[in-house]
1. Defining a contact as two alpha carbons under 8 Å apart and six or more residues distant in sequence, what relative contact order in percent does the stretch B:178-249 show?
2. Let me have the relative contact order for the stretch A:77-133, percent, based on Cα pairs under 8 Å that are six or more residues apart.
3. Can you tell me the orientation of helix A:50-63 relative to chain A, as the angle in degrees between its alpha-carbon axis and the longest Cα principal axis, to the nearest 10?
4. Only bridges with both residues in the stretch A:44-242 count here: give the DSSP antiparallel percent, nearest 5.
5. By its C-alpha gyration tensor, with a ≥ b ≥ c as the square roots of the eigenvalues, how is the stretch B:200-262 shaped: rounded for a/c under 1.5, else prolate for a/b larger than b/c, else oblate?
6. From the backbone phi of the stretch B:123-130, what are the Karplus-calculated ³J(HN,Hα) couplings (6.51 cos²θ - 1.76 cosθ + 1.60, θ = phi - 60°) in whole Hz, Gly and Pro given as x?
7. Between A:LEU91 and A:SER158, what FRET efficiency comes out of the Förster formula 1/(1 + (r/R0)^6) with R0 = 25 Å and r the beta carbon distance, rounded to 0.05?
8. Need the full-extension length gain, A:LYS172 to A:ILE104, defined as separation in residues times 0.36 nm minus the C-alpha distance. One decimal, nm.
Number of protein chains: 2
Amino acid sequence: MINIDELLLEAYNETPYPVGGHGKRNVQVLKDAIMAFDGDTMSDMYGDGPIIADFEKKIANVLGKPAAVFFPSGTMAQQIALRIWCDRKGLKRVAYHPLSHLEIHEKDGLKELHHIETVLLADKERTIELPDVLELKEDVSCLLLELPQREIGGQLPSYSDLEAISAYCREKGIRLHLDGARLFEILPYYGKTASEVCSLFDSVYVSFYKGIGGVAGAIVAGEQDFADESKIWKRRHGGDLISLYPYIISADKNFDERVGRMAHYYEAAVELAAMFNECESVVTKPAVPVSNMFHVHASMSYEKFGAALIASYRETGVGMTPFVRGIEDEACYFDISLGDRYEGVPKEKLASFFKALQTNLKEIADFDEFVARKL
Amino acid sequence: MINIDELLLEAYNETPYPVGGHGKRNVQVLKDAIMAFDGDTMSDMYGDGPIIADFEKKIANVLGKPAAVFFPSGTMAQQIALRIWCDRKGLKRVAYHPLSHLEIHEKDGLKELHHIETVLLADKERTIELPDVLELKEDVSCLLLELPQREIGGQLPSYSDLEAISAYCREKGIRLHLDGARLFEILPYYGKTASEVCSLFDSVYVSFYKGIGGVAGAIVAGEQDFADESKIWKRRHGGDLISLYPYIISADKNFDERVGRMAHYYEAAVELAAMFNECESVVTKPAVPVSNMFHVHASMSYEKFGAALIASYRETGVGMTPFVRGIEDEACYFDISLGDRYEGVPKEKLASFFKALQTNLKEIADFDEFVARKL
């Protein structure tokens, strides 16, 4: 029995020119960071010590907030931020997008551990806009905005909408929290500094393994009293480890190396999306990316699209994605984020890939026919 | 203003022969583990992948349980174990020692996140014994035993008491959970394997940074369905990181190197405690250690004891502790755990330290006098 998922993954892994991301998520990522580091440096100890405090201060400055706290994960960091705002207002209700990470990827930790009720704003196809907030019927302690909205291809509200939402929330006593897992990736499009964007928010979370490419880890930033309170919850969650330095060292190194390259990644996404949009039955969302990421949608079965991708990988050595997700019988998509790898893919290789893909999309009738033909 | 705490820490850090532990908690610990490791090895991904699964399986076998799950911290791991047993029984009440880690070091995470009520068994000076369990008035879902009881110098119940408690709990439908942060350290005294001790318990937690000396990390082991459920809660807590391998690699290396050396550490503790017990006004708890750790109590102010230690460190180059805790005006203590360092301290250095300490305990009247004399 031939499995399309396995074949696609295998074909992708064999391509000498994978296009997305920075590189493999292997142990070398940590080795590269740790090897250059002075072994005599003392570990952080349960959240204290220069190795963690210095990095927290550095990122607080970048984000324009008085204080920042390093967490092992964004899941932990964001639940805690929302919990603090709920406790402050005495109201355990928050609002966010129906495809928020907290709603779909965290096994309902926010509800099961913190008993916080959620109001879902906007529909699944678009970002939260000002009218969604104005029409909120129930009072909430906090509104969480994810910039960019990852599950819909990295879409963004307009910056003026963002400013209007921020002003409205301040007026109404609703705290605004930024899920900025990919904050640095959107700054070139907005043409703003991190500090400018963060000034619209009461609390901010950023990740160090997505666009930054570290091993893991997150920062939450805000006022000093907010940061202090978040450390108590970090202990309660079991995130106040005796040593977080493996993540901090790799976060710091990769942040320094990549935060200045976000404009390149964004431009790469715009360029690559345009090439996909020239293929028949294929469109990107957004049509023109606003960050380093986008989704590639194809109006065909995921088996057929997968077969066309596999054939194109094999013919050209260029890899786009290790998996495709079916939405319905004749619709599927994958997501792609651009990073360091893109520059290393020769332009003629990319061109040959898209030529092959266009041909394969026409010639491969379906997956069964492809399997019969190729094996 | 001279501060005793700072002086003691400084004097300790300058000694060429620190006696306790395995070595400094510096970045070199990670470097040593990671350097020898193949950089091409792929990261674990949110709890999956050979690098995490293989280690979980290895430790499950050591503990004699069907399944094991790696966690970033014991705080997270144990709250989750107790939560699962409470949910199974439909009763949010557990019993443990008044000095349990969950009661005094976790900012009440168990209560604040899981709303679990606690019954404190035994008094603060001794371990939980069979009569404490027999006299339990309220029903509980789970009884947690910490072996050894760290906050009272690493004391242990007799093994026959342990077996009787286990049998009673099984009869009464009370789950028995082992806080085995230092499980491997007690096996030489009990003369049992890890698997034999764990067979008395429904769930077991072990740590990889205490006696094992890794960077951080913990394992919880039990039946397969228990392990599966714990992974859901791990995700909810924010502990299901994209990459836990930095902790796993160092845990695995240090486990292999040290798990067979626990008898040496235990014997070292017995030897060293005997030397402390020969000093006037100084006693160890337990009088004869049952693991690699013990407490050193002195019936004098912590300033005076600290001054005598500082003088002895400076005269001999041997360091015992970086801090002393005052209990009341004329009582103080510190704790010490023996590890790799002990063998590297020449016996004549140790002897000279205890000679100096005995003299200094007699000659130093109090801290002020010491400061006036030495500076």
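The values are calculated or read from the model by the stated rules, or taken from the named source; none is laboratory data. Just so we're clear, the structure is a prediction, and the values are computed from it rather than from any experiment. Cβ sites come from the backbone with ideal geometry, for glycine too, and all protein chains shown count toward neighbours. Ligands, DNA and RNA are excluded from the accessible area calculation, which covers all protein heavy atoms including side chains. Shrake-Rupley method; radii C 1.70, N 1.55, O 1.52, S 1.80 Å.
1. 25 percent
2. 36 percent
3. Approximately 80 degrees, to the nearest 10.
4. Of all bridge pairs located within the stretch A:44-242, approximately 40 percent are antiparallel.
5. Oblate.
6. Values, residue by residue: 9, 5, 8, 9, 7, 5, 10, 3 Hz.
7. It comes out at approximately 0.30.
8. 21.7 nm
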